[in-house]
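These notes are about the structure you will find just below.
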Amino acid sequence: MKPLLSAFLLAALSLPAAEPVKPKVRAITGFVTIDAKSYPAQITETVKFLNQVRQAVEAAGYQVAGIRISTQPFPQYTRGLSHADALQMLNGINDLAATLKFAPNIGPAMLNDNDDTTAVDLLIDILSAPGNHLNANLITAGEDGIHWNAVRQAARVIHAVGARSPHGQGNFNFAATAMLKPYGPFYPGAWHPGSGPKSFAIGLESANVVMDVFARNHDPRTAAKELTDALYMPARAVEAAAMKAAEGSGWTYAGIDPTPAPGGLVSIGTAIESFTGAPFGSPGTETASAIITRSVKAVPVKQTGYSGLMIPVLEDTTLTRRWTEGAYNLDSILAYSAVCAAGVDTVPLAGDTSEKTIAAIIGDVATLAFKWNKPLAVRLLPAPGKKAGEMTEFSGALSNAIIQPIGGK
């Protein structure tokens, strides 16, 4: 038996080591300043550049989900246009996105708390329209404090779009962001001020890396370092390929967001459950959330965007299931947001949730973000005609869950 055993051990040792788990690239996002007259040519040029970066990243061995283009805040290029003409221009961007195969973002309706709110009316019409693919946002807190008028306007958007868009799903393309700096690649919060050079950023879809590390390391003393190391290798490889592709192009590399964005079965909820040994929402979830955020922030690459942890309730199979089971709720997410960096994301609400209650949720997140000077966002999904205890009827990237009761009316 000994020769057989020795032969077995030699064969095992000669096997190639398992390759590290590779994340996808969720987004290569370009930030471009356009004008009402020449935007088709400007966008076409941007798509060409982003596809060059995409090809370079794919040649380095990483799958890319898609390219994205974020304009400056849309009130800057629709100012002076009639409501109808502004809609026509924005619909033109929407049509270009379908033709050229990119995901569009038209930036914030309000950058400052004293901005004209007529852009909010335009945004409601855009987000409510069937066939809309435009993303947009509204900034509710910055270095100058909490934007309480913007908080109310964001609630108005969510309330109106929830009532007017098919199944209320238009709100999937809208976020109320707080303390999120420009040039983050993830939607719908991506934005830039409209000045400075053409820039691009990259967002990873690396929840699978967290799943892999947490499946074998449950020690809070060592897991963070192992996770940082595991995230660094792909982040650095993608960054190097992208920067090389951009050499001499006139485009500036803004950075990479290593936030482990989940999707479906590639689940940050499953990863956290592997670490804690209990359903998401149980004691230990806060600790795991803090470890992930700390690990992400320690990745030694040029970082931009959230650089933390996302908990998108309806975009992650395990998170959706635990929400339906009532294992966690809105208060839980706010608690986790104290140690992560994404906020209240794709949370389903009853269709009759009042604008006042929506504003209170947005205000809580803005307060938390400003207090701790960290980027947080709100993406709420009131489901028209649905009450607490009933199942939503979303489609596409969104799963469906039981609507949980919240305080307020």
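Taken together, the values in this text are just the output of simple stated rules run on the coordinates, not laboratory data. Since this is a predicted model, take the numbers as computed values, not measurements. Quick reminder, even Gly has a Cβ in these numbers, built from the backbone with ideal geometry, and neighbours come from all protein chains shown.
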- request: Choose one answer from Gln88, Gln303, Gln153: the residue with the largest mean-square fluctuation in a GNM of the chain with alpha-carbon springs under 10 Å.
  value: Gln88
message: What distance in nm lies between label points placed 7 Å from Cα along the C-beta direction at Ala360 and Glu45?
response: 5.0 nm
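Under the Kirkwood approximation for Rh and a Cα-based Rg, what ratio Rg/Rh is obtained for region 192-326? Show your work: numbers first, answer last.
Numbers: Rg = 16.2 Å, Rh = 15.6 Å.
Looking at region 192-326, the ratio lands at 1.04.
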- prompt: Expressed as cubic angstrom per residue, what is the convex hull volume of the alpha carbon set of region 118-206?
  reply: 124 Å³
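Given 20 °C and 1.002 mPa s, how large is the Stokes-Einstein diffusion coefficient of region 203-281 in µm²/s, with Rh as the Kirkwood radius over Cα pairs? Mind showing how you got there, number by number?
Details: Rh = 13.9 Å.
Answer, rounded: 154 µm²/s.
At 222 nm, what helix-only mean residue ellipticity would the chain give, in deg cm²/dmol to the nearest 500, using -39500 (n - 2.57) for each DSSP H run of four or more? Before the final figure, lay out each step's value.
Numbers: 13 runs with 175 residues, N = 409.
After summing the helix terms and dividing by the residues of the chain, the value is -13500 deg cm²/dmol.
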message: Below 29 Å, Cα to Cα, which lysines can Lys24 reach? Residues fewer than 8 away in the same chain don't count.
response: Lys48, Lys101, Lys181, Lys198, Lys225, Lys244, Lys297, Lys302, Lys374
- prompt: About the Cα centre of the chain, what is the dipole size in debye to 20, counting +1 per Lys and Arg Cβ and -1 per Asp and Glu Cβ, all else neutral?
  reply: 600 debye
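Give me the compactness ratio for the chain, meaning the Cα radius of gyration over 2.2 N^0.38 Å. Display every interim value, and only then the final one.
Values: Rg = 21.7 Å, N = 409, 2.2 N^0.38 = 21.6 Å.
Working it through for the chain, the quotient is 1.00.
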message: Pick from Asp125, Asp219, Asp364 the residue whose mean-square fluctuation is largest in a GNM of the chain, springs joining Cα atoms under 10 Å.
response: Asp219
- request: Scale the Cα Rg of region 271-409 by the rule-of-thumb value 2.2 N^0.38 Å and send over the ratio, two decimals.
  value: 1.05
query: Counting Lys and Arg as +1 and Asp and Glu as -1, each charge on the Cβ, what is the dipole of region 34-107 about the Cα centre in debye, to the nearest 20?
result: 100 debye
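Quick one: which of 57-70, 97-110 comes out on top by average Cβ neighbours within 10 Å, and what's the full order, highest first? Show your work: numbers first, answer last.
Values: 57-70: 18.5, 97-110: 21.8.
Ranked from most to least packed, the peptides come out as 97-110, 57-70.
So how do Ser354, Ser395, Ser289 line up by other beta-carbon neighbours within 10 Å, fewest first? Working shown, then result.
Details: Ser354 14, Ser395 11, Ser289 25.
So the ranking, lowest neighbour count to highest, is Ser395, Ser354, Ser289.
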Spin-label model distance (nm) - Ala65 vs Ala163, 7 Å beyond Cα toward Cβ: 3.2 nm
